[in-house]
Amino acid sequence: MFPIIRPRRLRQNANLRRLVRETRVSVDDLVYPLFVTHGSGSVCEIGAMPGNCQWSVDRLQPEIEEIAALGIPAVLLFGIPESKDEVGSGAYDPDGIVQRAVREIKRVAPELLVITDVCLCEYTSHGHCGVLEEGCVCNDPTLELLTRTAVSHADAGADIVAPSDMMDGRVAAIREGLDGAGHADTVIMSYAVKYASAFYGPFREAAGSAPQFGDRRAYQMDPPNVREALREARLDIEEGADIIMVKPALAYLDVLTKVAAECPVPMAAYNVSGEFSMVKAAAKAGWIDERRVALEILTAIKRAGADIIITYHAKEAVRWLAEGNGD
Ligand code: PBG
């Protein structure tokens, strides 16, 4: 023991710290979320998410070129449709907003992986993630609509579909639908462990998907639960999920670690809108060093067990990482 053993020896300078560093975030780990909106000629910055915009499809090209040039492997698409209805028809319209955006991205950057969020909440007039019956989100009839949505995304050229609705049985239904439509190679990244979180606040402004009554607690997970996370993760893997996700990330790093230890599939973590907005707001107030805080957060998410990190900081993080790993 002390004075023979001195852990500080290995922290003396930047090169020693580099040699013994256990976790490294790289551009290879990052996914950048993108919001695409109806209409044309529009690039609208999201108030609570500085640097992130809602893009009309005709304005996407430079943004896609920038993302591809930065070496970010994948984008995650969300759509803001022109109109909504009770059954979210815009979600599975072959000429819907996400379907058109996928085709445009594949035209501009064929190698950039396109992940699509599969959910109805941006497309339903009531803002819930499934169809309603007597004021309740009804699980089984929703599965068919989610499947149609996923198949239409794959038809448009999506590489990965990411169901975020939290209906039971949706991974199996989507897998069957994709395979039946000739999309056996389309990857499913399931939001397996998704909590009913207040950290989604800014996203609901960004995607216009706030529920018009009630909340999502009858289908998204209850934040205090962790054994239930293992159950959800196992079920989705059995149903055919190729990648599973824990969401949000920061307040759920313990969940991420436990699920990653148990599950032999790649793990994604979603550094959600509220987590991003808090960093931006504190940085704007001059209270924190944004670069260091953001890289520390991404490193923590990776250290906790994530292979893939979905983050609104992706573009900035790539530039910061190129300057040196926060050291
Ligand atoms: C759609 C969906 C949400 C998010 C991703 N997909 C919102 C929600 O479930 O209410 C949140 C993403 C974020 O906050 O960054 N169901």
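The values are calculated or read from the model by the stated rules, or taken from the named source; none is laboratory data. What you see is a predicted model, and the numbers here were worked out from it, not measured in a lab. All Cβ positions, glycine included, derive from the backbone under ideal geometry; neighbour counts span all protein chains shown. For accessibility, only protein heavy atoms count, side chains too; no ligands or nucleic acids. Shrake-Rupley method; radii C 1.70, N 1.55, O 1.52, S 1.80 Å.
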**Condition check for Ala162: within 19 Å of the chain's Cα centre (by Cα), buried (at least 23 other Cβ atoms within 10 Å of the Cβ), touching a residue at least 24 places away in the same chain (Cβ under 8 Å) and near the ligand (Cβ under 10 Å from one of its atoms)** = yes
**Fill in**
(1) part of a helix (DSSP H, G or I); (2) open to solvent by 40 Å² or more (accessible area, probe 1.4 Å); (3) not aromatic (Phe, Trp, Tyr) all hold for Asp185 apart from (1)
**Request:** Would you check which residues across region 47-63 are within 17 Å of the chain's Cα centre (by Cα) and open to solvent by less than 10 Å² (accessible area, probe 1.4 Å) and list them?
**Result:** Met49, Asn52
**Request:** Determine, yes or no, whether Asp236 is open to solvent by 10 Å² or more (accessible area, probe 1.4 Å), out of contact with any Phe, Trp or Tyr (no Cβ under 6 Å at 6 or more places or on another chain) and away from the ligand (no atom under 15 Å from the Cβ).
**Result:** no
**Prompt:** In the list Phe203, Phe213, Phe199, which residue meets the criterion of being within 15 Å of the ligand (Cβ to nearest atom), in a helix (DSSP H, G or I), hydrophobic (A, V, I, L, M, F, W, C) and open to solvent by 50 Å² or more (accessible area, probe 1.4 Å)?
**Reply:** Phe199
**Request:** Filter region 277-311 for residues that are within 16 Å of Val246 (Cα to Cα) and either among the charged types (D, E, K, R) or open to solvent by less than 10 Å² (accessible area, probe 1.4 Å) (or both) and give the result.
**Result:** Leu298, Ile301, Lys302, Arg303, Ala306, Asp307, Ile309, Ile310, Thr311
**Request:** Among the numbered conditions (1) under 20 Å from Val25 (Cβ atoms); (2) in contact (Cβ under 8 Å) with a residue 12 or more places away in the chain, tell me where Ala283 comes up short.
**Result:** (2)
**So Val246, is it within 23 Å of Asp159 (Cβ to Cβ) and either open to solvent by 60 Å² or more (accessible area, probe 1.4 Å) or more than 15 Å from the ligand (Cβ to nearest atom) (or both)** = no
**Fill in**
The condition of being in a helix (DSSP H, G or I), among the hydroxyl-bearing types (Ser, Thr, Tyr) and surrounded by 15 or more Cβ atoms within 10 Å (Cβ to Cβ) holds, among Tyr270, Tyr252, Tyr191, only for Tyr252
**Message:** Being basic (Lys, Arg), touching a Ser or Thr at 6+ places or on another chain (Cβ under 7 Å) and open to solvent by 60 Å² or more (accessible area, probe 1.4 Å) is the requirement here; does Arg319 meet it?
**Reply:** no
